Each structure stands twice: as C-alpha cells, then as structure tokens.
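Asks: The structure is given below, and queries will be raised subsequently.
The values are calculated or read from the model by the stated rules, or taken from the named source; none is laboratory data. Worth saying up front: this structure is predicted, and the values here are computed from it rather than measured. No Cβ is skipped: glycine too gets one built from the backbone with ideal geometry, and neighbour counts run over all protein chains shown. Surface areas here come from the heavy atoms of the whole protein model, side chains and all, with no ligands, DNA or RNA. Shrake-Rupley method; radii C 1.70, N 1.55, O 1.52, S 1.80 Å.
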Amino acid sequence: MTTTIPGEPWSTGVARTVDGAVEVAGVDVRELAVEHGTPAYVLDEADLRTRARGYRRAFEAAFAEIGAGVDVYYAGKAFLSVAVARWVHEEGLRVDTATGGELAVALRAGIPGADIGLHGNNKSDSEIARALDAGVGRIIVDSLVEIERVADAVAARGGDPAPVMVRVTTGVHAGGHEYISTAHEDQKFGLSIASPDGDPPAMQGLLAVLARPELRLLGIHSHIGSQILDPSGFEVAARAVLTLRAQLAERTGVLVDEVDLGGGYGIAYLPGEVTLDPDRIAKDVAASVQATATDLGTPLPRFSIEPGRAIVGPAGLTLYTVGTVKPVRIDDGTVRTYVSIDGGMSDNIRPALYGAAYHAEVVGRLATAGTVLARVVGKHCESGDIVVHEVQLPADVRAGDLLAVAATGAYGRSMASNYNHVPRPPVVAVTDGGSRVLVRRETEDDLLALDLG
Ligand code: LLP
C-alpha cells in the first residue's frame with residue numbers, strides 16, 4: 001500500500017505510528033475514534049497556528065521591504081468557531097466575517113470589534129446594526145444601495161462615521177471552479193471597475209461613500225476567487241485596484257489609505273499537489289504592487305489580505321468508519337470498489353458541488369495488501385454522494401476500518417448540512433498529544449428540537 005503520510009496533503013502533525021496506524025499531533029486516530037466517535041472533523045491546532053503565523057510573517061516581511069504595512073484577516077467562512085477565532089487572533093490575525101452569524105462567533109470569542117471586518121452582498125439591517133454596535137473596523141460595502149443603507153443606519157443612531165471599504169470587481173478570473181471565481185463581471189459581488197460609458201460602478205460607489213458624512217472611506221477591496229494556485233491573478237487585480245485609487249485621487253484629492261486584496265490562496269488536496277508558499281506569493285505581490293505604485297506615482301496604501309482555506313484547510317482531516325464494501329463492475333470491465341463511510345455529502349459537499357478531488361487513506365492499521373481502485377461514498381440517498389471519486393485503497397479494505405480524508409479543514413464543517421437528518425459531526429482539536437471538542441456532535445434531539453410538530 002502506498003502512503004503519503006507524512007507529507008502533503010496531510011497536516012504537519014499527521015504521522016504513522018510504530019504499528020502502522022496514524023496519529024495526529026501525537027494522538028492515535030483509534031483513540032480519537034473511540035473518544036469522539038466517527039465521523040469527526042479533526043483539526044491540528046499547531047498546524048493551523050503555524051499557517052496563520054506563516055501568512056502574517058510572510059506578508060509583513062515582504063511588504064516591510066517595500067515600505068508598506070499589511071494586515072491579515074482570517075476569512076471565517078472557511079471554518080469559524082470560538083477557539084479558532086481566538087487561535088488566529090493570538091497569532092496576530094484579524095477576523096473577516098461574512099454574516100451576522102460569523103460576526104457573533106468572532107464577538108463571542110472576544111475579538112475586539114476593531115479587528116473584525118464585515119462582508120456580505122446583502123447585509124440585513126440587523127447585521128449592519130450589529131456591526132455598528134460592535135464597532136467593527138470595517139464594513140465592506142457591496143452595492144450602491146448598501147452604501148445608502150449603512151449611511152442611513154449611522155445617521156439614525158448617531159456616533160462616529162462608519163469605516164467602509166468598497167468591494168470592486170476587476171474582471172480577473174481566478175480559482176478552481178466557476179462558482180468560486182468571484183471577480184467575473186456577470187456575478188453578484190462588488191462594483192465593476194469597467195464601464196462602456198460614464199463612470200464605472202466602482203467609481204460611483206467610491207464617490208457615493210465620499211458624499212455621505214456618516215461614512216469614512218477607508219479603502220478599496222478586491223477578492224478574485226478561491227483555490228488560486230497561479231499568483232499572477234493577484235498582481236493583475238492589485239494593479240487594477242491601485243489604478244482606480246489613483247483615479248479617485250486625481251478626481252477628488254482623496255487618496256484612500258487601504259487596499260484589500262482578498263483571499264483565495266490555494267492548497268494541496270491530492271498527493272503531488274503543492275500548497276502555495278506564502279513567502280513566495282507575498283514577495284511576488286509586494287514587488288508587483290511596488291512597481292505599479294511607481295508607475296502611477298502614488299504612495300503605497302496599507303494592504304490587507306483575507307486567507308481562509310490556506311489557514312484551516314490543510315490543518316483538518318475527516319475521520320470516518322468504513323461500513324460496507326462493494327465491488328462494482330464498470331463499463332470497461334474493470335472493477336471499482338465502492339467503500340461506504342458513515343458520513344458523506346452532508347459533511348463534505350465540495351465533491352458534489354464543485355467536483356472537488358480529495359485523497360483518503362486507511363489510517364487505523366498497517367495496510368500490507370495490494371491496492372484496488374476505490375471510490376469513497378457516503379450514506380445519503382443519492383448516487384452523487386461521493387466523497388472521493390478515485391483513490392487507491394488497500395485491497396482488504398473492510399468494515400470497521402478507519403478512513404481519513406485529507407485537507408477537509410476548510411469549507412467542510414462550514415458548509416455541512418443535515419441532509420437525510422444526519423447530525424453534523426463534531427470538530428475535535430488535537431494539540432500536543434491531547435484532544436478536545438471545539439464544536440460538539442449534533443444529536444437527533446438537536447434536530448428534533450427544531451421541529452415544532
Ligand atoms: N475574502 C472574501 C471576500 C471571500 O469571498 C472569500 C471566499 C475569502 C476571502 C476567502 O477565500 P479563501 O482564502 O478561503 O479561498 N465554498 C468554496 C469557496 C468559496 C469562497 C468564497 N469566498 C469552496 O469550498 O471551495
């Protein structure tokens with residue numbers, strides 16, 4: 001049996017034990033399964049913290065070289081819990097939230113409002129009010145209507161002007177999948193910098209913010225997509241945003257202080273893939289924004305970035321127990337072994353939604369047999385309930401085996417559902433040989449409690 005452990009796409013704390021099973025941060029997965037049950041999301045705390053710190057240090061160092069400051073916001077949509085918000089904050093990151101729910105978690109974690117950003121293309125009045133109550137460091141406005149809404153909310157309550165950034169779309173398409181490439185023009189986010197005639201929506205948005213004394217125009221925001229492995233998209237988008245900033249300054253005399261380049265840094269999901277190196281990308285982006293600023297003749301702003309997946313994705317794995325194993329003869333006569341696990345599309349929707357590829361291994365024992373072509377499927381009532389489309393598993397894979405799927409820390413639990421009334425798995429942190437539950441397993445009683453009969 002070939003194994004990729006230790007190594008990508010597993011977290012750095014994943015290793016083989018002396019008897020051939022697997023441990024995470026010194027905790028044997030068999031112990032984790034007994035103590036917490038399966039399926040379970042397992043988060044390697046040290047790995048997550050190291051990535052958070054790594055991004056902050058890499059960007060701080062590269063941007064210090066060009067004389068610019070930078071803040072790193074952890075994009076909580078990838079996965080947010082009270083403990084994780086605290087960990088990233090302790091590592092010097094701020095927290096980017098996209099809804100009132102994410103904002104509530106960040107506040108529950110004790111993150112100061114000033115270190116929180118609020119996104120969303122359709123913020124409710126209540127979300128805007130809560131952001132203002134919390135004194136968030138920035139509200140990223142997404143439309144002309146919303147600019148008026150936030151300004152009106154401030155006018156009604158009084159107090160300091162709200163710090164806002166205007167989210168713009170630069171036309172840069174990047175990322176692993178159509179649905180996650182958010183800078184297309186024909187999509188719901190932000191205000192476009194392009195216009196066939198007259199002021200583009202982005203310029204209109206900036207002017208609209210400047211026109212309202214209840215708002216303080218902090219800067220311009222651009223997010224170009226997710227799971228990006230080619231850094232050139234960030235550079236092209238940064239050039240477009242800095243150009244817009246210079247145009248605004250020429251027109252109004254206002255040179256905004258900050259530019260946010262969004263998230264999207266890609267990670268390894270499969271053996272042989274390589275996670276984007278923050279040091280390299282930080283240097284590339286810093287060099288490129290410096291060149292652009294020189295061309296434009298404008299001083300550099302303070303920058304920020306919003307990585308989510310790159311911080312939490314590789315730190316997580318999902319632990320399942322194998323139930324049934326079924327050989328299925330496929331068209332060309334080969335046999336595919338269908339391995340059913342005790343979770344599925346309710347705990348990882350990404351394969352079904354995006355065709356995302358994952359890697360799995362048998363982790364509860366030494367696997368000495370040869371391998372078979374396997375497909376890891378869930379327990380839900382549809383044939384698209386696939387967690388791993390194709391993977392070589394030990395030929396003797398059998399009921400009771402523990403199976404781990406790598407790199408599920410981002411957009412796994414955060415996108416989980418209760419399809420088929422399956423309770424969502426817990427999130428278990430492992431740290432220095434010990435484990436603790438960050439988010440407990442849902443129960444059928446939890447689900448029934450919502451059903452008022
Ligand atoms: N900032 C903004 C404004 C965003 O919209 C996003 C992600 C991020 C930061 C973080 O991006 P990251 O660094 O995690 O790539 N559910 C999809 C990903 C959707 C990403 C949406 N926005 C998936 O599972 O691949």
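Asks: Return a single number: how many Lys pairs in the chain, at a sequence separation of 8 or more or on separate chains, have alpha-carbon atoms below 28 angstrom apart. Working shown, then result.
Replies: Working: K77/K123; K77/K188; K77/K283; K77/K379; K123/K188; K326/K379.
Number of lysine pairs found: 6.
Asks: Additional query: How would segment 68-311 be classified by its alpha-carbon gyration tensor: rounded, prolate or oblate, with rounded meaning a/c under 1.5 and the a/b versus b/c comparison settling the rest? Walk me through the intermediate numbers first.
Replies: Details: a/c = 1.58, a/b = 1.08, b/c = 1.47.
Judged from the Cα gyration tensor, segment 68-311 comes out oblate (a/c at least 1.5, b/c at or above a/b).
Asks: What number comes out for the charge environment of R16, summing +1 per Lys or Arg and -1 per Asp or Glu over other residues with Cβ under 14 Å away?
Replies: Values: positive: R30, R365; negative: D19, E23, D28, E361.
Here the charged neighbours net out to -2.
Asks: Over the chain, what is the mean sequence separation of C-alpha contacts under 8 Å (at least six apart), divided by residue count, expressed as relative contact order in percent? Display every interim value, and only then the final one.
Replies: Details: 1064 pairs, mean separation 92.3, N = 453.
Computed value for the chain: 20 percent relative contact order.
Asks: Let me ask something additional. Report the relative contact order of segment 68-311, percent, no decimals, based on alpha-carbon pairs under 8 angstrom and at least 6 residues apart. List each step's numbers first, then the result.
Replies: On the way: 500 pairs, mean separation 46.9, N = 244.
This gives 19 percent for segment 68-311.
Asks: Let me ask you something else. Give me the one-decimal Kirkwood hydrodynamic radius in Å for the chain, with the sum taken over alpha-carbon pairs. Walk me through the numbers on the way to the answer.
Replies: On the way: mean 1/r = 0.0433 Å⁻¹.
The answer is 23.1 Å.
Asks: Whole-Hz Karplus ³J(HN,Hα) for segment 221-229, in order, using 6.51 cos²θ - 1.76 cosθ + 1.60 and θ = phi - 60°, x for Gly and Pro?
Replies: These are the phi-based 3J(HN,Hα) values: 10, 9, 10, 9, x, 9, 6, 8, 10 Hz.
Asks: If the only charges are +1 at each Lys and Arg Cβ and -1 at each Asp and Glu Cβ, what is the size of the charge dipole of the chain around the Cα centre, to the nearest 20 debye? If you can, show how the numbers build up before the last one.
Replies: Numbers: 40 positive and 59 negative charges, 59 e Å.
The dipole magnitude comes to about 280 debye.
Asks: Can you list the GluC sites (Glu not before Pro) in segment 232-311 that are in a DSSP coil and have 16 or fewer other beta carbons within 10 angstrom? Spell out each step's value before the answer.
Replies: Working: sites: E235, E250, E258, E273; in loops: E273.
Here the GluC sites (Glu not before Pro) that fit, given the DSSP loop and packing criteria, are E273.
Asks: Further question on the same structure: Which cross-chain or sequence-distant (5 or more) residues have an amide H under 5 Å from the amide H of S11, H modelled 1.01 Å from N in plane?
Replies: Close amide H contacts, sequence-distant or interchain: A407.
Asks: Also, I was wondering about something else. If amide H atoms are built 1.01 Å from N in the plane of the peptide, which residues on other chains or at least 5 residues away come under 5 Å of the amide H of V387?
Replies: When sequence neighbours closer than 5 places are left aside, the close amide H contacts are V376, V377, G378.
Asks: Local charge sum around L438 (other residues, Cβ-Cβ under 11 Å, Lys/Arg +1, Asp/Glu -1)?
Replies: Numbers: positive: R86, R413, R436, R440; negative: E45.
Charge balance near L438 sits at +3.
Asks: Oh, and also: Net charge within 13 Å of G54 by Cβ-Cβ distance, Lys/Arg positive one each and Asp/Glu negative one each, not counting G54 itself?
Replies: Numbers: positive: R49, R51, R53, R56, R57, R280; negative: D47, E60, E91, D277, D279.
The answer is +1.
Asks: Turning to a different aspect of this structure: Taking just the C-alpha trace of segment 60-145, give me its Rg and Dmax in Å.
Replies: 13.4, 42
Asks: Could you report the accessible area of T3 in Å², rounded to 10, computed with a 1.4 Å probe on the protein chains as they sit in the structure?
Replies: Its heavy atoms expose roughly 60 Å² to the probe.
Asks: Can you list residues whose amide H is under 5 Å from I224's amide H, if they're 5+ apart or on another chain and H is modeled 1.01 Å from N?
Replies: Sorted by chain and number, the residues that satisfy this are G263.
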